[in-house]
């Protein structure tokens, strides 16, 4: 969950500064920072999914 937060924070800083790919600024620095933010958001989503799968009880089809 922390990864998601930090990724969203990186993207939010770019949005508030007006230098984000999402606002149409395609400079190298904007692309790099937005890509970094999306990477961390993706890792956060995967971490939450893995934790959810690990916490769910196994069904008969999964154990067979």
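Among the residues of the stretch 3-25, the ones that are exposed (fewer than 13 other Cβ atoms within 10 Å of the Cβ) and not in a helix (DSSP H, G or I) come to 2 in all. Pairing residues of the stretch 1-25 that are in contact (Cβ under 8 Å) with a residue 12 or more places away in the chain and on the phi < 0 side of the Ramachandran plot with residues that are buried (at least 17 other Cβ atoms within 10 Å of the Cβ) and outside any helix (DSSP H, G or I), at Cβ distances under 8 Å and at least 6 apart in sequence or on separate chains, gives 11/20; 14/20. Filtering 29, 38 for residues that are under 30 Å from residue 52 (Cα atoms), outside any loop (DSSP other than H, G, I, E, B) and either at pLDDT 95 or above or more than 10 Å from the chain's Cα centre (by Cα) (or both) leaves a single hit, 38.
The values are calculated or read from the model by the stated rules, or taken from the named source; none is laboratory data. Everything quoted here is computed from the prediction, not taken from an experiment. Using ideal geometry, Cβ is built from the backbone for each residue, glycine included, and neighbour counts are taken over all protein chains shown.
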